[in-house]
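First the structure, in the form of structure tokens, and then the observations on it.
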Amino acid sequence: MERTWRWFGKKDSITLDMLKQIGVEGIVTSLHDVPNGEIWTSEAINEVKNHIEKHGLRWSVVESLPVSEAIKYGGKDCNTLIENYKVSLANLGKAGVKTVCYNFMPVIDWIRTDLRKPKGDGTYSLFFDPVRFAYFDCFILKRKDAERDYPENILRQMYALNETITEAEKDELVDTIIVKTQGFVSGNIREGDKNPVELFKKLLALYEGIDREQLRANMKHFLQQVVPVAEEYGVKLCVHPDDPPFAVLGLPRIVTSADDIEWFLKAVDNPCNGLTFCAGSLSSGLHNDVIELARRFAKRTHFVHLRSTEVDSDGYVLEASHLEGRGHVVELVRIFERENPDLPMRIDHGPLMLDDIDKQYNPGYSFLGRMYAFAQLMGVTAAVKQIDGKTA
Ligand code: DNO
């Protein structure tokens, strides 16, 4: 697989020269300064592309070309925004940037409740705690009838938490769930926004009456419009699975399981309509068996995120070591190296460790932890290739 790395543009303190030193071949990035919904011009695309190439690397994957909320809920600007999306896709294709990742998660992208969960060895991991998440929903957002969405054991623990939680912990929960994890990926809410909870509630309100079937219909409409353009310009689109892979906050989520993947692949049955195989997101749902999913969907996978999780029966999710846990990353490398060897892959997230602990990085995207996992997976890939008789 092609060894890629998520880079956040010229402002990223992890420079392209550093990435070159550790054996990265391709860059995964976005035009982070272009507001959602606006056209990515050829000039802006080529500027980033040339900058990357000057450092002896290539722009392998766009993560993400964001899908505006109005496309997802079917607002009045939906078709204009889809037209803009098509122009951006065409401009990317013309520039030779041919793999484009996006997601179709309403309002909220990936969800974590804790960005510094101690792992007991001095390092920290990202964590999803269903009790704190329920607390955020029922006590902070105060969403109508929210309690109906949680099992009794979670509600019991949530009420116990309510007896002890401090104001500072509540603020941190809000900051983690809707600001720090979202600010750098979605553009819906940014660091420094006043009253993020009110902003967030307004976003949720846009989806009143949008159920799973309606969201599917809206995704199908989007794919029907954009996939022909992707095909014309040789661009491979690949949707990122929902993280975590289940409905949240009364919002439907539709890229969560084998059935969902099968559904969107058939909705527009074209090789340019594919999947980002995010092992971390998929493995965080106990209903998913990532090995089975990889075998089944390898040929329609256009981009791989290597990461793993540990999940318990209450739904607590810990980001595990890249070599352990439900992500079965070693086996995934074996499957993808055999089935689709040119795929770009990147390490997704990494433990917060060593000198990085007090530095400011986007959550999950520190340098040393990702480099550590990157080196582990380079070793795994070399071993898999040797066993298969290919040169490493
Ligand atoms: C978080 C990421 C996601 C991902 C988007 C892709 O670390 O995996 O934010 O980039 O969902 O559209």
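Things to note:
- Shown for the chain is the translational diffusion coefficient from the Stokes-Einstein equation, using the Kirkwood radius over Cα pairs, a temperature of 10 °C and a viscosity of 1.306 mPa s: 74 µm²/s.
- Sparse-neighbourhood loop sites, trypsin sites (Lys or Arg not before Pro) in region 163-269 - DSSP loop, at most 15 other Cβ within 10 angstrom: 190, 194
- Relative contact order of the chain: 17 percent, from C-alpha pairs under 8 Å at least 6 residues apart in sequence.
- Largest to smallest principal axis extent of the C-alpha atoms in region 127-205, angstrom: 34, 26, 20
- Largest to smallest accessible area among 152, 191, 2 [probe 1.4 Å]: 152, 191, 2
- Separation of alpha-carbon centers, region 63-101 and region 139-156, rounded to whole Å: 35 Å
- Counted over the chain, the DSSP beta bridges are approximately 25% antiparallel.
- Going by accessible surface with a 1.4 Å probe and the largest first, 238, 138 read 138, 238.
- The protection proxy used here, the mean number of other Cβ atoms lying within 10 Å of each residue, ranks peptides 332-338, 48-54 as follows, highest first: 332-338, 48-54.
- Once all protein chains are placed together, residue 372 keeps about 120 Å² accessible to a 1.4 angstrom probe.
- Look at the alpha carbon pairs under 8 Å that are at least 6 residues apart: their mean separation over the length of region 127-205 gives a relative contact order of 24 percent.
- Accessible carbon and sulfur surface of the chain relative to its total accessible area, %, 1.4 Å: 49 percent
- Of the residues 321, 284, 313, the one with the largest accessible area comes first in the ranking 313, 321, 284, computed with a 1.4 Å probe on protein heavy atoms.
- Most mobile of 101, 272, 78 in a GNM of the chain (Cα contacts under 10 Å): 78
- Rounded to the nearest 10 Å², the accessible area of residue 59 at probe 1.4 Å: 10 Å²
- Solvent-accessible surface of the chain, averaged per residue with a 1.4 angstrom probe and all protein chains in place: 42 square angstrom.
The values are calculated or read from the model by the stated rules, or taken from the named source; none is laboratory data. Predicted model, so just to flag it, every value in this text is computed and none were measured. Note that each Cβ is placed from the backbone with ideal geometry, even for glycine, and that neighbours are counted across all protein chains shown. What goes into the accessible areas is simple: the full protein's heavy atoms, side chains included, and nothing from ligands, DNA or RNA. Shrake-Rupley method; radii C 1.70, N 1.55, O 1.52, S 1.80 Å.
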